[in-house]
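One structure below.
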Amino acid sequence: MWVYKQLIRPIIVVLLLSAAPIILLIYLGLSNAALPILIYFQLLLIYIQSEISLRQNNLFSAQFYPFFTIEISNPLTYELKIKNISKNPAYQLFVGRVLKYGLPVSLAERDSLLENNVIMSSLAPDESKIIKPFKSMEAIDKFRGGLAMELTYNDQFGNTKALSLLFSANNVVFLVPNMDEKPGPLLRELERATVVRKLWKYRKQKPVG
């Protein structure tokens, strides 16, 4: 059922894109509609190429993003050591929201768990700093139980990015980047249809053995 729901949007997009040529054929006939349909598909191709260019530009700019490692430097107090392992600086780093199942908790609950002054003006390449964001051991236990901490920062172009920090029971910190939506609505729907098709093909495969 989930597969069918995911196909709805790509099918709607295909129908909308096909509507113009069909209408031209109905009202103008095959001979008169040939040139307008050709122009329509040329414009559509130009639009797709512009979306591809946006994707390439987005991919190119990714090389200027900073990357971090975060580890627990003191298991007793849960001090965190954050290090910039890229060649790009990061600015205005601060511990922001607390997430539960991907959704932010209330500000009052957030303030009961984390300190409000965990802010770093910058983090240069290969530089590391120690932060102590938690207010109590009870707060640490809640994060071990499934809460996520969001670390927000600016790159050298002033773009705001964020990482979600997940904490395991054995003191391992997992970094999950908050992914921005890829540019190009038409390409996104085509990608969605491709993924759904692969999932459908996978479901149709018979188990081995």
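The values are calculated or read from the model by the stated rules, or taken from the named source; none is laboratory data. Remember, predicted model here, so these are calculated numbers, not experimental data. So basically every Cβ, Gly included, is an ideal-geometry build from the backbone, and we count neighbours across all protein chains shown. Just the protein is used for accessible areas: all its heavy atoms, side chains included, with ligands, DNA and RNA removed. Shrake-Rupley method; radii C 1.70, N 1.55, O 1.52, S 1.80 Å.
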Quiz prompt | Extension gain (nm, one decimal) between Leu190 and Phe60, 0.36 nm per residue minus Cα-Cα | solution = 44.6 nm
Quiz item: Using a Gaussian network model of the chain with C-alpha springs under 10 Å, which one of Val195, Val118, Val98 is most mobile by mean-square fluctuation?
Solution: Val195
Quiz prompt | When each of Lys87/Lys132; Lys81/Lys142; Lys100/Lys129; Lys142/Lys198 is checked by Cα-Cα distance, pairs over 29 Å | solution = Lys142/Lys198
Exercise. Determine the distance separating the Cα centre of the stretch 124-158 from the Cα centre of the stretch 7-58; give it in Å without decimals.
Key: 47 Å
Quiz item: Tally Lys and Arg at +1 and Asp and Glu at -1 over the other residues with C-beta under 15 Å from the C-beta of Leu113: what net charge comes out?
Solution: +1
Practice problem: Could you calculate the FRET efficiency of Ser53 with Asn116 from 1/(1 + (r/R0)^6), where r is the beta carbon distance between them and R0 is 45 Å, rounded to 0.05? | Solution: 0.60
Exercise. Take the chain, connect every pair of alpha-carbon atoms lying under 10 Å apart with a spring to form a Gaussian network, then pick out the residue of Ile140, Ile85, Ile23 with the largest mean-square fluctuation.
Key: Ile23
Quiz item: Excluding ligands and nucleic acids, what accessible area in Å² is computed for Met137 using a 1.4 Å probe, to the nearest 10?
Solution: 90 Å²
Self-check item: Estimated distance in nm for a label pair at Phe67 and Asn170, the labels positioned 7 Å out from Cα along Cα-to-Cβ
Solution: 2.4 nm
Quiz prompt | Potential extension, Ser31-Tyr101 segment - 0.36 nm per residue separation minus Cα distance | solution = 19.5 nm
Quiz prompt | Solvent exposure of the chain as accessible area per residue, Å², 1.4 Å probe | solution = 66 Å²
Quiz item: Any idea what the alpha-carbon Rg over 2.2 N^0.38 Å comes to for the stretch 57-106?
Solution: 1.50
Quiz item: Hey, got the Cα dimensions of the stretch 24-120 along the principal axes, in Å, largest first?
Solution: 79, 35, 20
Practice problem: Using only alpha carbon pairs under 8 Å that are at least six residues apart, calculate the relative contact order of the stretch 72-209 and give it in whole percent. | Solution: 24 percent
Quiz item: Gaussian network model of the chain, Cα springs within a sub-10 Å range: biggest mean-square fluctuation belongs to which of Asn32, Asn57, Asn84?
Solution: Asn32
Quiz item: Tell me, what is the FRET efficiency for Trp200 and Val14 to the nearest 0.05, using R0 = 25 angstrom and their Cβ-Cβ distance as r?
Solution: 0.95
Quiz item: Applying 1/(1 + (r/R0)^6) with R0 = 25 Å to the Cβ-Cβ distance of Lys132 and Lys87, what FRET efficiency is obtained, to the nearest 0.05?
Solution: 0.35
Quiz prompt | Volume in Å³ per residue [convex hull over Cα atoms, computed for the stretch 76-157] | solution = 104 Å³
Self-check item: Where trypsin sites (Lys or Arg not before Pro) fall in DSSP loop in the stretch 21-105, at most 15 other Cβ within 10 Å
Solution: Lys87
Quiz item: For the chain, which whole percent of the accessible surface, found with a 1.4 angstrom probe, sits on carbon and sulfur atoms?
Solution: 63 percent
Exercise. List the DSSP H helices in the chain whose Cα atoms stretch 24 Å or more along the helix axis and whose mean Kyte-Doolittle hydropathy is at least 0.0.
Key: 2-61
Practice problem: Equivalent ellipsoid semi-axes for the chain, as square roots of 5 times the alpha carbon gyration tensor eigenvalues: give them largest first, rounded to whole Å. | Solution: 47, 23, 16
Quiz prompt | Charge dipole (debye, nearest 20) of the stretch 46-138; +1 at Cβ of Lys and Arg, -1 at Cβ of Asp and Glu | solution = 100 debye
